[in-house]
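The values are calculated or read from the model by the stated rules, or taken from the named source; none is laboratory data. Source: prediction; values computed, not measured. Glycine also receives a Cβ, built like all others from the backbone with ideal geometry; neighbour counts cover every protein chain displayed. Side chains included, ligands, DNA and RNA excluded: accessible areas come from the protein's heavy atoms. Shrake-Rupley method; radii C 1.70, N 1.55, O 1.52, S 1.80 Å.
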2 protein chains.
Amino acid sequence: MNEALIEKVVKEFIDEMRNTESLQKVEVKESIAKDSIEIPLETSARHVHLSKEDLEFLFGDSEELGVRKKLSQPGQFQYDERVNLIGPKGNINNVAILGPARSQSQVEISYTDARTLGVQPPLKDSGDLEGSVGIIISTGKKALNLSKGVIVAKRHIHMTEEDARKLGVKNGQEVSVKIKSRRPAILEGVLIRVSDNYSFSMHIDHDEGNATAYLPGTKAEIVK
Amino acid sequence: MNEALIEKVVKEFIDEMRNTESLQKVEVKESIAKDSIEIPLETSARHVHLSKEDLEFLFGDSEELGVRKKLSQPGQFQYDERVNLIGPKGNINNVAILGPARSQSQVEISYTDARTLGVQPPLKDSGDLEGSVGIIISTGKKALNLSKGVIVAKRHIHMTEEDARKLGVKNGQEVSVKIKSRRPAILEGVLIRVSDNYSFSMHIDHDEGNATAYLPGTKAEIVK
């Protein structure tokens, strides 16, 4: 073997190993940085969003409806009034109405609720009612025949542009999220929703909450 | 540099790299082999196991009880009779009783059911009733005051010794399992239960089933 050539090869090899090692270190560090951001986790109970038209059909003047409480997302609130969902197999009473009024009425339920009511809603992003199913919404005094609007909402994370930058994610992206509970799981296909009107929070429904033994304060972390 | 020494170092290094590479190949192959075994997945509805004594307290002679259907696990069956669960906040009627009779009565419910009933059961392996809570079990004609026995059952996989060998797992081990559905998740802490009396099947409750949009035929795979 030629001594100069061997020396060259060994040096190149050592350089390459060192570079690989340092690259690996960087990757590990980035991964730790992302993982160390804990996401506040909330469970969403079944609820109804109503259009102004539907709200006034059920309750009359929508300006006179009272606000029960503000929600964690800025500008969102829960009305004092509640409604009943009437399905072909069963009813669910005392369901919250969230405001402000939207352009289309939308009913967000869990698969457990869907079985109780006897409806087959699709799994959709909030606002996307393509393929959604109908339901009767009743106040006890008036009933609204909604021909579409019932969905099971996809789990998602609300965040600001700054949160998205810190986490290295983009609006519309889907990520996997570890739920750090005593019944831990990695939920896949979690939708990232970015707007400077949002407060940093992950939303899952009660099925997902119960499946992971969610308790208030349970934390979540993006794992990829 | 000494030419002989360099040659020796380079050769040793190349040998080591080759060994590492071949080890990695073996690991990858094993990993693929494990991942390619699909586990049949079943959801367990809420149900009751009764001791012979409790069965006879509620129904009289247990020998005269009818069998409604056999279950997937060999020797296990569901009785014709059903019971009602009576809790401090609500009742759940028409709950299945599984046989044969056990040494201790045990009530397996979901966290959704626990909320309906108003009880706080622990998350436990079937048969481990330490820390479990009480409930009233009623036939409508007779009521049994169970002082303990209510649990949320930990998700688990039943398998034979041969299945365990193929999958490279042991009785009592916990694994992570990917649920391959349209709402995919990796469920962690899934208990391996090995017995040659078992049929190969993973059991999750209805909360876990709904959280992953389980449908009959949904498959699962051990991911680590």
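Annotation for region B:121-150 versus region B:79-118: alpha-carbon center distance of 8 Å.
In the assembly of identical copies, B:Lys219 has its label point, taken 7 Å from Cα in the direction of the beta carbon, separated from the corresponding points by 3.7 nm (ascending, one decimal).
Here is how far apart the A:Lys70 label points are across copies: 6.3 nm, shortest first, using a point 7 Å from Cα toward Cβ.
Evaluate E = 1/(1 + (r/R0)^6) for B:Gln173 and A:Leu123, where r is the Cβ-Cβ distance and R0 equals 25 Å; express this FRET efficiency to the nearest 0.05. Efficiency for this residue pair is about 0.15. With label points set 7 Å from Cα along Cα→Cβ, the inter-copy distances at B:Gly118 are 2.9 nm, sorted shortest first. For A:Glu53 and A:Lys166, the FRET efficiency from 1/(1 + (r/R0)^6), where r spans their Cβ atoms and R0 equals 56 Å, is about 0.90. Using a 1.4 Å probe over protein heavy atoms, the accessible area lost on pairing A with B, summed over both chains, comes to approximately 2800 Å². Residues whose amide H falls under 5 Å from that of B:Gln76, counting only those 5 or more places apart or on a different chain, are B:Leu71, with hydrogens built in the peptide plane.
For the pairs A:Lys70/A:Lys180; B:Lys141/B:Lys219; A:Lys142/A:Lys219; A:Lys70/A:Lys170, note any where the Cα-Cα span goes beyond 31 Å. Exceeds cut-off: B:Lys141/B:Lys219; A:Lys142/A:Lys219.
Per residue, the average separation of C-alpha pairs within less than 8 Å and at least 6 apart gives region A:45-153 a relative contact order of 29 percent.
What the Cβ-Cβ distance of B:Arg182 and A:Ile136 gives, at R0 = 25 Å and to the nearest 0.05, is a FRET efficiency of 0.40.
Report, to the nearest whole %, how much of the accessible area of region B:77-224 belongs to carbon and sulfur atoms, 1.4 Å probe, protein only.
With neighbouring chains kept in place, the figure for region B:77-224 is 47 percent.
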